[in-house]
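The values are calculated or read from the model by the stated rules, or taken from the named source; none is laboratory data. Remember, predicted model here, so these are calculated numbers, not experimental data. Positions of Cβ are backbone-derived with ideal geometry, glycine not excepted, and every protein chain shown enters the neighbour counts. Surface accessibility is based on the protein's heavy atoms, side chains included, excluding ligands, DNA and RNA. Shrake-Rupley method; radii C 1.70, N 1.55, O 1.52, S 1.80 Å.
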Amino acid sequence: MYEQASHAMLNEILMELKPEIGNYRLRHFYTRLGANFYAIHSLFHLLYGERPDFKAQMVSLVETLAVRYMARSPQLRKSDLARERDYNWFLSQKWVGMALYCDRFADDLKGLRTRLPYLQDLGINMVHIMPILDCPPTHADGGYAVRDFFKVDARYGTTEELEALAATLKKRDMLLVLDVVVNHTSNEHEWAQRARRGEKTFQDYYYVFDDREMPDTFEETMPEVFPATAPGNFTWDEVMGKWVMTVFNNYQWDLNYRNPAVLIEMIDIILFWANQGADVLRLDAVAFLWKKIGSTCQNEREAHLLLQLMKDCCQVTAPGVLFIAEAIVAPSEVAKYFGEDAINAKECEIAYNATLMSLLWDGVATKNAMLLNLGIKHLPNKLERATWLNYVRCHDDIGLGFDDNDARLSGYDPVQHRHFLIDYFTGRYPGSTARGLPFGTNPKTGDARISGSLASLAGLETALESEDPVAIETAIKTIVLLHGVILSFGGIPLFYYGDAIGTLNSLEYLADPFRANDNRWMNRSNFDWDKAALRHQSGTVEQRIFNTLKKMIALRKELNAFADFDNRQLLNVDNPNLLVFLRTDIHHAHNGRSRVLVVSNFNTDAQRLQLGALRPHGLFQQVAMRELCSGERIMVEDDAVMVPPLTCCWLID
Ligand code: GLC
């Protein structure tokens, strides 16, 4: 019944479209619109069905989809068709990503083209260029306070240069990932400027209030994202004479998706960047999309409905383009951003695996894998045709987002354990060699997160200063161990640009008054090309890290068992220092490499892995195994193998 009504609506809408759309050859567009319209209409109705202008808004949405489809280049349409046929293409183990700032890694977009050989040398074939859209020069939040969603920032280049880069990447079989900041705009964005000048239409794009009544009510249940630098969730705007919701920095105005015009604008922006040749779009801060009095204003059901709508609309116009959900939220919530229920299942194909990331760091500090094992065991199932973005470090802080219950099961008091981790990574804990800083300390709750580069957090900075070869080796091993896990876990590993050469904390940011109070900039340094050149020099730290990672990346690409088809089995072993999982190639008959046992030892001593527990899985009938990364044979003695300290082994029978 409802489906019929939705069909009737579709016909009416098609009649109402502008004649230039009606006359255009839109065969694939109409097929895809037909296939997705029921979902789009139902979702749009759920969100905006009560509004008198519901139908006009639907027409405007479909028009947006059609206009962007008409602008989509023949090459991109061809790639859409190919990806529709080979719809699991991104689950392959062949993809390995890196996130980088185009100005800090190269000078600009043009420069980035000349730096691609470095990425290819390492084996990177997916490039996430951190946000490059027009931002105010000072209040930019690293590119996440966008002033113009349709313009590349002049500091980085032009839209044409980006398109040229996209074409170059395509030729090299590399994927381009771009950011779309969906939750907020800069206060200098045209919409905000017009709102400030009193235009009601644009005040309705944001959460704007005359007095403190509503803000105070919201504040009762909303946590703070940047408690140290931007406390509270509302900012008084002098020009407008009103309060505006600013969940992140006070110059980042939250968009109000209760207004369908906002959603349609954002879908238009998404499709615009899809049309510039992005293969994947990283949707920023998606957990925050819907605000509701009495809630934390995160992970609301409507935020999921909005993402489903964005996805369904993208399926109509640019079906080859994938979404990454950047939702750094509780483990139980993260997997929901893939989509949940059977009908409106689709949201983002890829999601940041923040749980794994933070638990890897727990393993580094505790030197055991207890919490890590529990966290992985309790990681909610994801949909098929969805995959994790596994990472060790990124441009943001490390949140300690593990599950409190898992902490208790590991024998920790969750609050004390978080304090321990902060102390450990800020180097205050006795014996810690880590060199991070606390980030976002909240005096009201006592919470904090951690900033710092991978190498400095792993102890390399301290080790180099003390010129202690053993400590240097330990830090290098830690860096490689963490990458070993993300390369084998299942999902797309995402490297961070300085990490393969052991980039230390940078203090440049302190000289910039607009950055000095945000220590996430410690880990956003200018890439040091002289240091990178040392990767060619035998025995250097850079060479030891880079070459090992390069080998592991190449190996990963060869191992079908590392593709992500829900083919990871976590194995219980009786050694708390080890994380052990089995990866199986589900598509091919058994051969020597169809099953890989991944064993990670987080301890600084070698650990025994008893093989008895693995026998029920048909593993290890042999007297020796091969470790693929080193190529070495590991002997079985007393029905056990010894796993070297701080090592991630990829073992085959
Ligand atoms: C995301 C970004 C972060 C930014 C925030 C607000 O979490 O990763 O860098 O500050 O969104 O846009």
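Before moving on, here are some points about what is shown:
- Fraction of accessible area attributable to carbon and sulfur, the chain (%, probe 1.4 Å): 51 percent
- Only DSSP H runs of four or more residues enter the estimate; each adds -39500 (n - 2.57), and after division by the residues of the chain the mean residue ellipticity at 222 nm equals -11500 deg cm²/dmol.
- Gain in span if fully extended, Arg212 to Thr168, counting 0.36 nm per residue against the direct Cα distance: 10.7 nm
- Heavy atoms of Arg194 accessible to a 1.4 Å probe, total area in Å² rounded to 10: 70 Å²
- Residue-span extension gain [Arg194 to Gln75] - 0.36 nm each, minus C-alpha spacing: 39.1 nm
- Put the Cα centre of the stretch 396-416 next to the Cα centre of the stretch 137-169 and the gap is 38 Å.
- Rg/Rg_globular for the stretch 34-136, with Rg_globular taken as 2.2 N^0.38 Å and Rg from C-alpha atoms: 1.54
- Convex hull volume of the Cα atoms of the chain, normalised per residue: 164 Å³.
- Measuring between their Cα centroids, the stretch 246-284 and the stretch 1-46 lie 23 Å from each other.
- Percent breakdown of C-alpha pair distances by 5 Å bin, ordered from the shortest bin, for the stretch 568-652: 3, 15, 27, 29, 18, 6, 2, 0
- Along the axis of the charge dipole computed for the chain (Cβ charges of +1 for Lys and Arg, -1 for Asp and Glu, origin at the Cα centre), the listed residues Trp529, Tyr69, Val225 are led at the positive end by Tyr69.
- Per-peptide average of other Cβ atoms within 10 Å, ordering 167-176, 115-124 highest first: 115-124, 167-176
- Residue ranking by accessible heavy-atom surface, 1.4 Å probe, largest first, among Asp107, Asp585, Asp653 comes out as Asp107, Asp653, Asp585.
- Ordering Met625, Leu646, His587 by Cα displacement along the dipole of the stretch 568-652 toward the positive end leaves His587 in first place; charges were set at the Cβ atoms of Lys, Arg (+1) and Asp, Glu (-1).
- Whole-number D in µm² s⁻¹ for the stretch 353-558, Kirkwood Cα-pair radius fed into Stokes-Einstein, 25 °C, 0.890 mPa s: 138 µm²/s
- Computed from the C-beta positions of Arg301 and Ser60 and an R0 of 35 Å, the FRET efficiency is 0.90 to the nearest 0.05.
- Long-range Cα-Cα pairs in the stretch 184-254 (distance over 20 Å), rounded percent: 22 percent
- For the pair Asp423 and Ser466 in one chain, pulling the backbone fully straight at 0.36 nm per residue adds 13.4 nm over the alpha carbon distance.
- FRET E, pair Ser630, His139, Förster distance 41 Å, beta-carbon r, rounded to 0.05: 0.25
- Working note: Debye formula, equal point scatterers on the alpha-carbon atoms of the stretch 268-330, no solvent; log10 I(q)/I(0) at q = 0.14 Å⁻¹ is -0.43.
- Mean Kyte hydropathy of -1.0 or more with a Cα span along the axis of at least 27 Å, helices from DSSP in the chain: 27-48, 469-488
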